Structures are given as structure tokens and as C-alpha cells.
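What follows is a set of notes on a single structure, which appears directly below.
We did not get these values from a lab; they are worked out from the coordinates using the rules stated. All of these numbers come straight from a predicted model, not from anything done at the bench. For neighbour counting, all protein chains shown are included, and Cβ atoms are generated from backbone atoms with ideal geometry for every residue, glycine included.
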Amino acid sequence: MTPKRTLIIICILLITAAVTAFASHSERIAPNKPFTAFPLKIGPWEGRTSQMDDEVYNILGVEDYIMANFHKSPEAFVNLYVGFYQSQKQGDIIHSPKNCMPGAGWNIKETTVIPVDLGRPGENESKVIKLLLVKGGQQQVVLYWFQSRGRIIASEYMQKIWLVVDSIIKNRTDGSFVRLISPVVTDEEAATTLLKEFAKTVYPVLNQHIPS
């Protein structure tokens, strides 16, 4: 191993140790409101909550969450999941659905990043991640993003980078994962449009719970 390579490895190890130290002493940020207070009537949408089993809850490591099915008509259905982490220490970090969905039998057919109007002040559109999932003859469209410390992040890699930056600068490692799912009833475009509509409707409510 060359001296240069050795120096690089040492620097990486030192940076990792420093970040871990900061994260371990980071402030534990609570939600603005507990997700038990999340409204189940949002505009034309009405929802019903469900609970994850204890094994999944322990694996995810969330401090608070909402999981609910929202309808505005029999054909217009969206599953909402928001997981909130007060502190993302080692082991308690946000999990990507790219890892979880295949375990549930869904195959990722396509992954893209698309613009969505969330009604954020000063921004025309925000970037979110879109997945097209297939299982047998069924299809689902998923939109998800990381809503952490005032940012909408559409990249697992950038989420980790901002986590490191904010742990050092802000002494914060709290964060949230927002996921919307709709089955493809007529076609993929219609399901995507429905999810975009719901995303814009639910976003102001998310801000009442997720710290900026």
C-alpha cells in the first residue's frame, strides 16, 4: 500500500470517527406534533390508520410514524407512510424502499426523479423519487422523499451527505421519510397524477409535524 493511499484511508477513518462522535451527542428533536394527532380528513381525502407489527417497527427504529390509507373516491386511493427519527445514530437510520420493497415481493421496474409541486414558498417544484413496482399482474407507483431539517431530498446519497453536514453544523440528525403509494388502476400516468395531487395536499400537514 502506497503512503498516499494509507493517508487517504486514515483521513476517512478520522472523518468517520468525528461524524460518529457528533451524531452520538446530537440533540434529539421531537416532532412539532405527535403523529397520533395527524388529521384523517385532508381536503377531499379521508383516511384510516393502520399499525405496523412490532418486528417491522423495531427494524425501522422510528420514534414516531403515521401509516394510513386515504381515499377521495373508490378509485382514488393513496397509502401514506411517514417515519420520523429524532436521532439517526448507528442502526437507527432511514431505510430506502429500494431495499424494502423487493423483500415484500415487489420488483422495481423503473426508478426516476420527477418534479412535484408541493406548494413550497419560493419553489415552483421539488424533486422526488418515483418507483414503478410490479408483482405478478399488479403495478404500483411510489413517490417518496426525505424531509429532513427543512429540506426535500430526492437522493439516498444526498440524504446521507446532508446528514453528515447537519450533524456537524447544526448538531442535528433528526429526519423523516415520506412515502406515497397508489395502485395502477387505469394507467401509470393517472396513478402518478393522483399521487402528485395528494402530495401537494398533504405537504402543509406534514410541515405541522416535521421540524424544519
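State which entries of LYS41/LYS130; LYS41/LYS98; LYS130/LYS196; LYS130/LYS200; LYS98/LYS135 exceed 18 angstrom in Cα-Cα distance in the structure shown. Spell out each step's value before the answer.
Working: LYS41/LYS130 25 Å; LYS41/LYS98 30 Å; LYS130/LYS196 11 Å; LYS130/LYS200 15 Å; LYS98/LYS135 15 Å.
Where the Cα-Cα span goes over 18 Å, the pairs concerned are LYS41/LYS130; LYS41/LYS98.
Return ASP92, ASP187 ranked ascending by Cβ neighbour count within 10 Å, so the fewest neighbours appear first.
Details: ASP92 14, ASP187 10.
The fewest-first ordering by Cβ neighbours comes to ASP187, ASP92.
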Original post:
Between ALA37 and ASN69, what is the spin-label point distance in nm, taking each point 7 Å from the Cα along the Cα→C-beta axis?
Top reply: 2.8 nm
**OP:** Quick one: what are the phi-derived ³J(HN,Hα) couplings along the stretch 157-163, Karplus 6.51/-1.76/1.60 with θ = phi - 60°, whole Hz, x for glycine and proline?
**Re:** 5, 5, 4, 6, 5, 5, 4
Original post:
ALA199: net charge of surrounding residues, Cβ under 13 Å, Lys/Arg +1, Asp/Glu -1, itself excluded?
Top reply: +3
Original post:
If we count every other residue with Cβ under 13 angstrom of ALA68's Cβ, Lys/Arg +1 and Asp/Glu -1, where does the sum land?
Top reply: +2
Original post:
So, counting K/R as plus one and D/E as minus one, what does the shell of residues with Cβ under 12 Å around PRO97 add up to?
Top reply: +2
